[in-house]
1. Let me know the volume per residue of the alpha-carbon convex hull for the stretch 1-58, in Å³.
2. Provide the per-residue ³J(HN,Hα) series for the stretch 42-59, in order, calculated from phi with Karplus coefficients 6.51, -1.76, 1.60 and θ = phi - 60°, each as a whole number of Hz, with x at glycine and proline positions.
3. Determine the sum of side-chain charges near residue 26: Lys and Arg each +1, Asp and Glu each -1, restricted to other residues whose C-beta is under 13 angstrom from that of residue 26.
4. Count the net charge of all other residues whose Cβ sits under 15 Å from the Cβ of residue 109, scoring Lys and Arg as +1 and Asp and Glu as -1.
5. Local charge sum around residue 7 (other residues, Cβ-Cβ under 14 Å, Lys/Arg +1, Asp/Glu -1)?
6. Hey, got a sec? Which chymotrypsin sites (Phe, Trp or Tyr not before Pro) in the stretch 58-140 land in a DSSP loop and have at most 14 other Cβ atoms within 10 Å?
7. With only Lys, Arg, Asp and Glu charged, each at its Cβ (+1 for the first two, -1 for the last two), find how big the charge dipole of the chain is about the Cα centre; round to the nearest 20 debye.
8. Calculated from DSSP H runs of 4 or more alone, at -39500 (n - 2.57) each and per residue, what is the 222 nm mean residue ellipticity of the chain, nearest 500?
Amino acid sequence: MKERTLSIIKPDGVLRGLIGPVISRLEKEGLKIAAMKMITMTKDQARGFYKVHEGKPFYESVTDFMSSGPCVVMVLEADDVIGRYRKLMGATNFKEAEEGTIRRDFATDIEKNVVHGSDSRENAEYEIGYFFSALEMAEG
Ligand code: ATP
Ligand code: MG
């Protein structure tokens, strides 16, 4: 069933020249990019984006990191895209990520792990609405 998910190339990925390699993997997997832009979040915007993690020990640090430089945010659209893209990203901790995943191949740190992907339909809807208006979404 067609789904949408929010993908982010995090500030470490942008800084290290990984926009091309990450997008290339999305396209090879057949995940359609329905919207895309580059933004730099303020600390408060990063807090709002990761509000599900408020109170966790890594919350302050990860929101500092996510507001430290430009990110590429994308809406991906495909059948079962939420799970397929999470699989392509690999585990949060790159040391536990499977061979051939984006995090296994590119991440350097449990926090600086190159990419984000929504983990459920409910969170995907919140996260897409956080960054994109309906006007910015490609049709068809
Ligand atoms: P994301 O939501 O970015 O796609 P995820 O769903 O794999 O990643 P979450 O548990 O949602 O992982 O954590 C959100 C982000 O917070 C992680 O991607 C990572 O950048 C950071 N993070 C998570 N756990 C830790 C930790 N133990 N130490 C440091 N940073 C962490
Ligand atoms: Mg998550």
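1. Looking at the stretch 1-58, the number lands at 130 Å³ per residue.
2. Once rounded to whole Hz, the list reads 6, 4, 5, 5, 5, 4, x, 5, 9, 5, 4, 9, 3, x, 6, x, 8, 4.
3. In short, +3.
4. +1
5. After counting each charged neighbour, the total is +3.
6. Here the chymotrypsin sites (Phe, Trp or Tyr not before Pro) that fit, given the DSSP loop and packing criteria, are 58.
7. 200
8. For the chain, the value works out to -10500 deg cm²/dmol.
Read the figures in this text as sums done on the coordinates, not as results from a lab. Given the structure is predicted, the values throughout are model-derived calculations rather than measurements. Methodologically, a virtual Cβ is constructed for each residue, glycine included, from the backbone with ideal geometry; neighbour enumeration extends over all protein chains shown.
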